[in-house]
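The values are calculated or read from the model by the stated rules, or taken from the named source; none is laboratory data. Note that the structure is predicted; figures quoted are calculated from it, not measured. With ideal geometry, Cβ positions are generated from the backbone for all residues, glycine too; neighbour counts draw on all protein chains shown.
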């Protein structure tokens, strides 16, 4: 929905490709949500508004919209939406500097992926790995990212594989800089 307006910075955090265009797109999503939408569409709009606010740096709004989207996903019994929105919620807390809340969101999303939505396990592992790296647990980050890479290699999606390799390369370089080695 907003993918074309998002990229990653050197620390592999989502940033806007065009801040003004992203803000305008989020405003349009707000308008659509305010006009009334079917329940499934409401959940999707709420999630993407939260992601948009996350990338724009509006942390309180991001967390509020993502919390509501997660509630809707749980109420719908949609495991895919629970995992995806849980990961996004983790990102919102991580970007805001609330690492304990981020940790809880990522762990919950990871547990749900393992038990009910294995097709999104690589996604949950990737984001949890990046969280661990930011919090300084480079060995834990490497282990999670390696597992994500194994799953993504099996999927054969070059873009996803590249994204995980980028994250793993960043962790390996930080390990080398810390004297922790980058080997197996």
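Taking the options 10, 75, 35, name whichever one is out of contact with any helix residue (DSSP H, G or I) (no Cβ under 8 Å at 6 or more places or on another chain) and under 27 Å from residue 115 (Cβ atoms).
Result: 75 is the single residue among 10, 75, 35 that is out of contact with any helix residue (DSSP H, G or I) (no Cβ under 8 Å at 6 or more places or on another chain) and under 27 Å from residue 115 (Cβ atoms).
Quick test of your reading of the structure: residue 28 fulfils all but one of (1) surrounded by fewer than 15 Cβ atoms within 10 Å (Cβ to Cβ); (2) in contact (Cβ under 8 Å) with a residue 24 or more places away in the chain; (3) closer than 16 Å to residue 6 by Cβ. Name the failing condition by number.
(2)
Output the residues belonging to segment 108-136 that are modelled with pLDDT under 95 and more than 15 Å from the chain's Cα centre (by Cα).
Listed by number, the residues that qualify are 135, 136.
So which pairs qualify, if the first residue must be in segment 116-145 and in contact (Cβ under 8 Å) with a residue 40 or more places away in the chain and on the phi > 0 side of the Ramachandran plot, the second must be in a helix (DSSP H, G or I) and buried (at least 22 other Cβ atoms within 10 Å of the Cβ), the Cβ gap must be under 7 Å, and the two must be at least 6 apart or on different chains?
Correct list of pairs: empty, since none qualify.
Six or more apart or on different chains, Cβ atoms under 6 Å: show the pairs whose first residue is in segment 70-90 and under 18 Å from residue 57 (Cα atoms) and whose second is at pLDDT below 95 and part of a helix (DSSP H, G or I).
none
Hey, among the residues in segment 10-52 that are within 18 Å of residue 89 (Cα to Cα) and part of a loop (DSSP other than H, G, I, E, B), which one's modelled with the lowest pLDDT?
It comes out as 12.
Which of (1) in contact with a strand residue (DSSP E or B) (Cβ under 9 Å, 6 or more places away or on another chain); (2) surrounded by 15 or more Cβ atoms within 10 Å (Cβ to Cβ); (3) closer than 30 Å to residue 169 by Cα is the odd one out, the single condition residue 7 does not satisfy?
Among (1) in contact with a strand residue (DSSP E or B) (Cβ under 9 Å, 6 or more places away or on another chain); (2) surrounded by 15 or more Cβ atoms within 10 Å (Cβ to Cβ); (3) closer than 30 Å to residue 169 by Cα, the lone unmet condition for residue 7 is (2).
Which one is surrounded by the fewest Cβ atoms within 10 Å (Cβ to Cβ), of the residues in segment 75-98 that are in a helix (DSSP H, G or I) and over 14 Å from the mean Cα position of the chain (by Cα)?
Taking segment 75-98 as the starting set, the residues that turn out to be in a helix (DSSP H, G or I) are 75-76, 79-96.
Still in the list and also over 14 Å from the mean Cα position of the chain (by Cα): 75-76, 79.
Numbers: 75: 10, 76: 13, 79: 18.
If we take residues in segment 75-98 being in a helix (DSSP H, G or I) and over 14 Å from the mean Cα position of the chain (by Cα), then 75 is surrounded by the fewest Cβ atoms within 10 Å (Cβ to Cβ).
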